[in-house]
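Right, one structure below, let's go through it.
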Amino acid sequence: LIAGEGKLPAVLVENLPDLPHIASLQGHDPDHLVPDRRFRIEELGTLLAEFQALGITEVCFAGSIARPRIDTSRIEAATEPLVPRIRAALEKGDDGALREVLSIFEEAGMTIRAAHEFAAALLPVHGVFTTRKPSSQNERDAARAADVLARTGILDIGQSCVVHHGQVLAIEGQFGTDWMLASLENRPDGRGGVFYKAAKPGQDRRIDLPTIGVDTVARAAKAGLDGLVLEEDGVMVLDLAAVDRAADECGLFLWVRTP
């Protein structure tokens, strides 16, 4: 398990029959887990060799990390042949960078497994789970948001946006969902609108599938939104029951929408 920050890695460990070998990028420890190994991007070649020596044949990536910078003074000999590919990957958008990382692991003889393969409940079925239901305007805004993300996703930009009365208030960029929602807390137009989250078109769904939790609900409430809309089979929900309760308590709707 290549574990990044957040709760997702711990959720996966709870759903696995055996405790996995856990590695995390230095400075990006997961919540509630202690990694067996912390590594730097300059040690990637050594890490792959260690995995091979341990007989590891399957790898799952879960959790968030910031895009690392390469310190040329710390590049190990085993990583030196990979440096051009790593540099090229870091210059691409998120999806392009992750595809290159997956290729490096696959070429080392490892199969990439998606997080939701081990915890199917992370991908809820379509429907409205809350007491509050989306209005007809919310439904139109959701359709508009889906169209926006379909277009920006082709450019490898973000996985969420906020739309109110057909107008795009915010699009997720490099700083992520939380930053985007926080930017709306003092919005000049008051309240209303939907938060929409979806996978990018053509995204490799074995890695970086978008995820929300109760914190996302709280931030959407602070941003004055009406509710959250998630693409069915495209967004993982950490503890659906808790997210549902949080949305009800905040007076928001939670809608898993069939694309």
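Numbers for the structure displayed
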quantity	calculated
Hey, Ser24 among the hydroxyl-bearing types (Ser, Thr, Tyr), within 18 Å of Met110 (Cα to Cα) and surrounded by 13 or more Cβ atoms within 10 Å (Cβ to Cβ) or not	yes
Residue within the stretch 37-45 that is of a type in the set (Gly, Ala, Ser), surrounded by 14 or more Cβ atoms within 10 Å (Cβ to Cβ) and at positive phi present	no
Residue check, Ala146 within 16 Å of Val194 (Cβ to Cβ) and in contact (Cβ under 8 Å) with a residue 24 or more places away in the chain	yes
Single residue of the stretch 117-142 satisfying the filter (β-branched (Val, Ile, Thr) and open to solvent by less than 60 Å² (accessible area, probe 1.4 Å)) that is nearest to Arg206 (Cα to Cα)	Val128
Count of the stretch 61-70 residues which are open to solvent by 10 Å² or more (accessible area, probe 1.4 Å) and modelled with pLDDT of 90 or more	2
Residue check, Arg87 surrounded by 15 or more Cβ atoms within 10 Å (Cβ to Cβ), of a type in the set (D, E, K, R), under 28 Å from Ile157 (Cβ atoms) and out of contact with any Ser or Thr (no Cβ under 7 Å at 6 or more places or on another chain)	no
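Conditions (1) touching a Lys or Arg at 6+ places or on another chain (Cβ under 6 Å); (2) closer than 25 Å to Glu14 by Cβ; (3) crowded, with 21+ Cβ neighbours inside 10 Å, marked per residue:
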{"site": "Glu172", "(1), (2), (3)": "no, no, yes"}
{"site": "Asp189", "(1), (2), (3)": "no, no, no"}
{"site": "Gly193", "(1), (2), (3)": "no, no, yes"}
{"site": "Pro201", "(1), (2), (3)": "no, no, no"}
{"site": "Arg206", "(1), (2), (3)": "no, yes, no"}
{"site": "Leu238", "(1), (2), (3)": "yes, yes, no"}
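For every residue, the table says whether it meets (1) acidic (Asp, Glu); (2) surrounded by fewer than 18 Cβ atoms within 10 Å (Cβ to Cβ); (3) closer than 17 Å to Ser160 by Cβ.
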site	(1), (2), (3)
Ala218	no, yes, yes
Ala242	no, yes, no
Ala247	no, no, yes
Gly251	no, yes, no
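The values are calculated or read from the model by the stated rules, or taken from the named source; none is laboratory data. Here the structure is a predicted model, which is why all the values come from computation and not from measurement. We place every Cβ from the backbone using ideal geometry, glycine too, and count neighbours over all the protein chains shown. These accessible areas exclude ligands, DNA and RNA; they are computed on the full protein's heavy atoms, side chains included. Shrake-Rupley method; radii C 1.70, N 1.55, O 1.52, S 1.80 Å.
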